[in-house]
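First the structure, in the form of structure tokens, and then the observations on it.
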Amino acid sequence: MERELSLISTHVTGLDQALGGGVPQGSIVLVAGTPGTMKSSLIYNIMYHSARVGRRGLYITLEQTTDSLKRAMERMGYPPMDEGKLYLLDLGVLRTALKRAESTKDWVQIIVDIVKEAVAANEYQILALDSMDALYALANFEAPRRELFQLYASLRELGLTTFLVTEIPIGSAKLAQYGEDFLADGIIHLRQVEVGETDVQLRLRCVKMRMMNHAHNSMALTHGDDGFAVTHVLARKK
Ligand SMILES: Nc1ncnc2c1ncn2[C@@H]1O[C@H](COP(=O)(O)OP(=O)(O)OP(=O)(O)O)[C@@H](O)[C@H]1O
Ligand SMILES: [Mg+2]
């Protein structure tokens, strides 16, 4: 008999339905996009609302400080959240941890160890790593594919639902640098699309989501007073 699949809601109007119900618990999902495509906000939104309904989250921000992320999110309409429910961790905190760590340890291992410790102590269910590219810059990989394979294996062992931000340089056709797109269970692709001569729309596409019969089309992603929403993009009239 098929085991019941536990799904995490994205708390984005219309998106759970497009995903076929939500994100399967325990998945590793890439959120890939060019600069400024709301990668961080979208993940924060999922974690913020999940925390409110009892799924604790750990958000590791390597791109911006926790203060800057908190301020940006407050401006977008997410009031401060109890640290016990949604914990933000930045490079400053990690560097302090690094002082404790043996000198031979690498960043990937440090992050895995910190996450393991935090999960054991606080029962986090959702993890964000923002961004993988910042991690690569710190990590000095010698054999990136092998080391990433290890990272994914460690994350899977923890059983968390994980969102990994990957940055796509403008003009690049690749979703990820080292084949993470094949390792991940899900990929959400965000991009800006020029509409007409002056308008730019944000588009979201689920490239893959293992175990789900999801929609494959691009949808418009918006953020307003009611939070995030996706809507179908109407075919352009000829
Ligand atoms: N209420 C809002 N509605 C729409 N867009 C907004 C709103 N508030 C902020 N933004 C825009 O969201 C963008 C930033 O979102 P976010 O930081 O989540 O993107 P990102 O993809 O993580 O960016 P980066 O590539 O810098 O990491 C900014 O360009 C900002 O102008
Ligand atoms: Mg960001």
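For the stretch 33-70, a residue qualifies if it is of a type outside the set (Val, Ile, Thr), assigned to a loop (DSSP other than H, G, I, E, B) and near ligand 2 (Cβ under 9 Å from one of its atoms), and the qualifying residues are PRO35, GLY36, MET38, GLU63, GLN64. Out of MET81, MET73, one residue alone is part of a loop (DSSP other than H, G, I, E, B), over 21 Å from LEU155 (Cβ atoms) and aliphatic (A, V, I, L, M). It is MET81.
Within the stretch 44-66, the set of residues being farther than 15 Å from GLU83 by Cβ and surrounded by 24 or more Cβ atoms within 10 Å (Cβ to Cβ) comprises ILE46 only. Going through (1) under 28 Å from ALA137 (Cα atoms); (2) within 16 Å of ligand 2 (Cβ to nearest atom); (3) not hydroxyl-bearing (Ser, Thr, Tyr) one by one, GLY26 falls short only on (2). Those helices (runs of 4 or more DSSP H) of the stretch 96-197 in which 2 or more residues are loosely packed, with under 12 Cβ neighbours inside 10 Å and out of contact with any Cys (no Cβ under 8 Å at 6 or more places or on another chain) occupy 107-122, 144-158. Does HIS223 satisfy the criteria of being in contact with a helix residue (DSSP H, G or I) (Cβ under 8 Å, 6 or more places away or on another chain) and at pLDDT 95 or above? Yes; evaluated as a whole, the condition is true for this residue.
Mind checking which residues of the stretch 71-80 are surrounded by 17 or more Cβ atoms within 10 Å (Cβ to Cβ) and away from ligand 2 (no atom under 12 Å from the Cβ)? Selection gives TYR78 alone.
The values are calculated or read from the model by the stated rules, or taken from the named source; none is laboratory data. Keep in mind it's a predicted model, so treat the numbers as computed, not measured. Cβ: placed from backbone, ideal geometry, glycine included. Neighbour counts: every protein chain shown.
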